[in-house]
Structures are given as C-alpha cells and as structure tokens.
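Participant: Once you've had a glance at the structure underneath, I'll fire off some questions.
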Amino acid sequence: MWRLFVVFCLTSILLLVSCGSPVAPNNPPNVPNNPPNVPSNPNPTNNKTDVSITTTLSWTCSDPDGDSLTYDVYFGTSPTPPLVKSNHTSTTYNPGTLNYGTKYYWKIVAKDSKGGITEGPVWNFTTMSLPSGSLSVQRNFQVSLNSASGPIYSSPTMDRNGNLYLGTQGGLVQMGYNGNSIGSTPTAYPVWSSPVVDRTANKVYFADISGNLFAFGSGNRRITNNTIYSAPVIKDNNIYVVDLAGDVLRVTPDLNSYQKLVSLQRQVRSSPAVLGNKLFVASVDGRVCAVDLATGTKLWDKPFNDEKFYGGFAIDVNGNLYIAGKRLWCLKSSDGSVNWSYELDGQAYANPVISSNGVIYIGIGDTSGTFGTLHAVDLNGSRRWKKTGLRSIYSSAVIGNNGIVYVCSDWIFAINPYDGSIISSLELENFVESNPILHFGKIYVADEAGYFYVIRALSETIEDPGTSWPMFQRDWYHTATR
C-alpha cells in the first residue's frame with residue numbers, strides 16, 4: 001500500500017511540473033509585416049508623349065520581407081483611372097489597342113500575401129497622333145513577261161537589298177523598290193506561288209504551276225509532277241515545298257537533290273509554316289497536320305468538320321497556331337488541340353496576321369466579291385470589333401509599325417486598329433489575291449487584272465516580326481518560321 005502511495009505522489013509531481021513549465025515555441029515570435037515598396041520605374045515613363053498605341057505597361061516593385069506580390073491595375077482616360085485588373089501576378093500589363101492622340105492615366109496598387117497594401121502614384125502618357133495624309137498611288141502598271149499577262153496571284157517579296165520579286169503569268173520579275181524593272185526569269189508556265197528569300201545567302205526561290213522549283217538566276221529543277229500553289233519555306237539550309245497533292249518535299253539549296261518526306265494525299269493550296277522542327281500544313285478539305293522536318297513523320301493530323309482552308313498560318317510568340325476557314329481557330333502547336341475558335345461571317349481565303357499586342361486580324365469574302373468583313377479578335381478568342389462593307393477580302397492584311405492595318409479587296413483600306421474605322425482608302429483596278437507587303441513607306445501589291453502597285457502608305461514599315469506576325473508568311477522575306 002505504501003508503494004502505491006509513493007508511485008501516485010511521484011506521478012502527480014511529474015504532471016504538475018509538465019503543466020507548469022511552458023515549452024519553448026518552435027517558431028520565433030511574430031514579426032510585424034512590412035507593406036510592399038512603392039511601385040516605380042513605369043514604362044511608358046511618366047508624362048511621355050508619342051507612345052505607340054500597342055504599348056505594354058510595365059513597372060517594378062519589391063517587398064521588404066520578400067513576400068510574393070500581386071497587383072491591382074488601374075487604367076483609363078480619367079485622372080482617377082478605374083480598376084481594370086485585380087490580383088494581377090505580373091509586372092507587365094497589356095491594355096489592348098489604344099486610341100491615337102489620347103492621354104491615358106494609370107497606377108499600380110501592390111499587395112503582399114499578409115495583407116500589406118501600397119498604392120503607387122498616378123502616372124500618365126499620351127499616344128502618338130493619328131497619322132496624317134492619305135493613301136496614294138506612286139506607280140502602277142500592267143505586268144507582262146514572256147508575252148504573257150493576266151491575273152497575279154503571287155505575293156511580292158523583298159530581298160536584303162530592297163529588290164522586289166513577283167510571280168506572274170510569264171515567270172518571275174525583279175524590280176527596284178520604286179517598281180522599276182531590273183531583271184526577270186521567264187518560265188514556260190505561270191508562277192502562282194509566292195517567292196521566298198534565303199536571308200543568309202540573299203537568294204530567291206520560287207515555283208511554277210508545273211512542279212519546277214527555281215533559284216533566281218541559278219537554274220531550276222523539276223521536283224514534282226503536281227501543281228505548286230504554296231510558297232516554299234526555308235529552314236536549316238533546306239527548302240521545303242508542299243505541292244497541290246499534299247506531297248512534302250525537301251530540296252537542297254543548290255537544287256541538286258530532293259526527296260519526298262511524306263505524302264499527305266490531300267489538296268493543299270495554302271502555304272505552310274514552321275515552328276522549331278515542325279512543318280504545319282492545312283488542306284482544302286479542312287485538315288491541319290504537323291510534320292517532323294527531320295524524319296517526315298506525321299506528328300499529328302486533325303480534321304475540322306465543315307471547314308475549307310485556302311489560307312495558311314500565323315504563329316504567336318507562345319507558339320500557338322492560327323488558321324481560318326469559316327471560323328478562326330487557335331490551336332496548340334504541340335498536338336493540334338483547340339484552344340478556342342471564333343465564328344466568322346463568311347469564308348476566309350488568306351492567312352491571319354497578329355499584332356504585337358495580341359490582336360488577330362482576318363478578312364472574309366464571298367465568290368461574288370460584294371461581301372467582305374475585317375475581324376479584329378483578341379488572343380482569348382473574343383471579338384474586339386469587325387468592319388463590314390469592305391467588299392470581298394481574298395488576301396492577308398498587313399500591320400504597320402504605327403499600328404495601322406492595311407487590307408485589300410478591289411480597294412485598299414488603311415484601318416484604325418482602335419475601332420476599325422477607315423482612315424484612308426483607294427480604289428484599285430480589280431480584286432487582290434496577292435498578299436501585300438509594306439516597307440520604305442510603300443505598300444507593294446498586285447491584282448487580278450495583272451496590275452502591280454506602288455502605294456504611298458501611312459506607315460514606314462511593318463511591325464516588328466519578332467513580337468508579331470504582321471503579314472503573310474510573317475515578313476518581307478516570307479520566312480514563315482517562328
């Protein structure tokens with residue numbers, strides 16, 4: 001009994017000691033939270049003028065405690081700008097296409113994960129003025145080569161020296177930047193596809209409708225018995241050509257050897273594009289596929305029901321593909337799966353183009369030529385605006401370095417990217433299937449009556465192809481690669 005009493009007393013003492021002696025905490029005492037530092041280093045800088053209408057806002061901000069930050073973005077034309085984005089995780093923000101000659105205000109509110117909030121100052125900038133002047137023809141003439149003339153379907157290209165190349169019913173013509181003739185390669189068959197420039201060698205390649213591939217000034221080689229409508233693509237010192245039957249051919253630059261990589265066995269009129277080691281091809285029956293350039297293996301092949309694809313691709317900086325038929329499609333380049341689609345009000349016949357701030361432009365038309373619309377679509381697939389009454393559009397738009405969008409039917413229009421309004425217009429002799437290019441302050445384009453035009457533009461050149469896809473096959477060289 002005494003032994004049990006001792007055990008009970010000892011146990012009680014231990015319990016009293018454990019309860020009465022506080023255990024040191026594992027975590028240090030609470031430290032007061034410091035709010036984020038004040039947002040700074042705005043871009044555009046405060047009070048800056050003549051800012052691009054496709055500018056992206058950026059700033060810097062940090063937290064004294066190293067906490068992660070989110071931001072509330074306020075932006076608008078009021079000195080007390082409204083909230084446009086909450087809990088933004090990046091230090092850049094795309095406000096969309098802005099209006100010309102407008103003063104914008106913006107501020108950033110930084111928030112840390114512990115409830116700390118710091119409001120930045122209100123900054124402002126003013127966008128560039130609406131370009132003055134109007135479209136005007138500097139030169140136009142009907143092209144004839146090798147006693148042949150007629151509709152021109154080929155799109156002009158430009159080499160490193162500023163010389164122009166254009167496929168015609170009688171071969172390829174070479175012109176100076178003012179449109180004066182300086183050379184030609186007559187061919188027995190028409191050249192309907194668009195030439196491409198090897199920028200490294202400054203060499204021009206083109207194909208005729210009888211399956212011959214030419215190097216301007218250096219001979220030719222027959223590479224297929226099928227018609228060629230699409231533009232060649234140059235990648236890793238090889239030339240890739242897709243013929244009307246869907247055969248994908250790889251040709252050496254000297255044209256001495258070629259091989260058929262794969263036969264897609266479908267009708268292809270549109271021009272291919274390249275991203276990394278993948279060649280993308282779209283067919284008239286509404287299919288899109290990716291081909292491995294090294295092996296010729298089909299990596300994926302996707303059908304799009306009730307579609308017809310006559311135009312080719314645009315590729316954004318994130319590697320997404322855009323192609324249009326009765327809808328504008330945004331596809332993952334990895335597997336062809338659909339990110340989104342946007343319904344058009346007619347058939348698209350040409351490539352989409354993409355501005356540096358992520359607006360896709362695509363025109364539609366009909367076979368009568370009377371109906372045409374230009375659509376402006378955001379990268380999330382939502383409509384920004386559409387402009388009707390332009391008559392049928394069969395060629396790609398081109399985006400100027402000041403944001404102006406140029407598009408052709410049997411007129412050429414300079415379009416305000418902010419709202420789709422027409423800044424200037426000019427009537428042509430006929431409809432345009434030749435995709436225009438823009439450089440030296442001039443638009444170069446040809447029409448179905450066989451006329452070639454040198455038109456004074458309201459922009460000096462195209463948007464930076466490194467951050468956009470501003471024209472057919474991306475740039476003046478028709479590079480078509482990302």
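The values are calculated or read from the model by the stated rules, or taken from the named source; none is laboratory data. The model shown is predicted, which means the values in this text are computed figures rather than measured ones. Because the Cβ atoms are built from the backbone with ideal geometry, glycine has one as well, and the counts that use them run over all protein chains shown. All accessible areas refer to the heavy atoms of the entire protein, side chains included, with ligands and DNA or RNA removed. Shrake-Rupley method; radii C 1.70, N 1.55, O 1.52, S 1.80 Å.
Residues are listed down the side, and each one gets a yes or a no for (1) out of contact with any Pro (no Cβ under 9 Å at 6 or more places or on another chain); (2) modelled with pLDDT under 70; (3) closer than 30 Å to VAL359 by Cβ; (4) exposed (fewer than 10 other Cβ atoms within 10 Å of the Cβ):
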position	(1), (2), (3), (4)
LEU4	yes, yes, no, yes
CYS19	yes, yes, no, yes
ASN30	yes, no, no, yes
VAL51	no, no, yes, no
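Participant: Name the strands (runs of 3 or more DSSP E) wholly inside region 234-330 in which the number of residues that are of a type outside the set (Val, Ile, Thr) and open to solvent by 50 Å² or more (accessible area, probe 1.4 Å) is 3 or more.
Facilitator: Qualifying strands (runs of 3 or more DSSP E): 258-263, 298-303.
Participant: If you go through region 400-409 one residue at a time, do you hit one that is surrounded by fewer than 22 Cβ atoms within 10 Å (Cβ to Cβ) and without any contact (Cβ under 8 Å) to a residue 60 or more places away in the chain?
Facilitator: No, there is no match, as no residue in region 400-409 is surrounded by fewer than 22 Cβ atoms within 10 Å (Cβ to Cβ) and without any contact (Cβ under 8 Å) to a residue 60 or more places away in the chain.
Participant: Do any strands (runs of 3 or more DSSP E) lying entirely in region 69-136 carry at least 2 residues that are closer than 30 Å to GLY441 by Cβ, and which ones are they?
Facilitator: 103-112, 123-127
Participant: On to the next question. Looking for something touching an Asp or Glu at 6+ places or on another chain (Cβ under 6 Å), open to solvent by 10 Å² or more (accessible area, probe 1.4 Å) and in contact (Cβ under 8 Å) with a residue 40 or more places away in the chain - is there at least one such residue anywhere in region 349-356?
Facilitator: yes
Participant: Taking only pairs six or more apart or across chains, which ones have beta-carbon atoms under 6 Å, a first residue in region 447-460 that is acidic (Asp, Glu), and a second residue that is surrounded by 21 or more Cβ atoms within 10 Å (Cβ to Cβ)?
Facilitator: ASP447/LEU428; ASP447/VAL432; GLU448/PHE431
Participant: Could you figure out which of (1) in a loop (DSSP other than H, G, I, E, B); (2) open to solvent by 30 Å² or more (accessible area, probe 1.4 Å); (3) not hydrophobic (A, V, I, L, M, F, W, C) isn't true of SER425?
Facilitator: Here SER425 meets the rest and fails (1).
Participant: Output yes when any residue across region 157-171 is without any contact (Cβ under 8 Å) to a residue 60 or more places away in the chain, outside any strand (DSSP E or B) and of a type in the set (S, T, N, Q), and no when none is.
Facilitator: Looking through region 157-171, at least one residue is without any contact (Cβ under 8 Å) to a residue 60 or more places away in the chain, outside any strand (DSSP E or B) and of a type in the set (S, T, N, Q).
Participant: Please enumerate the residues belonging to region 193-233 that are outside any strand (DSSP E or B) and open to solvent by 70 Å² or more (accessible area, probe 1.4 Å).
Facilitator: ARG199, THR200, GLY217, ASN225
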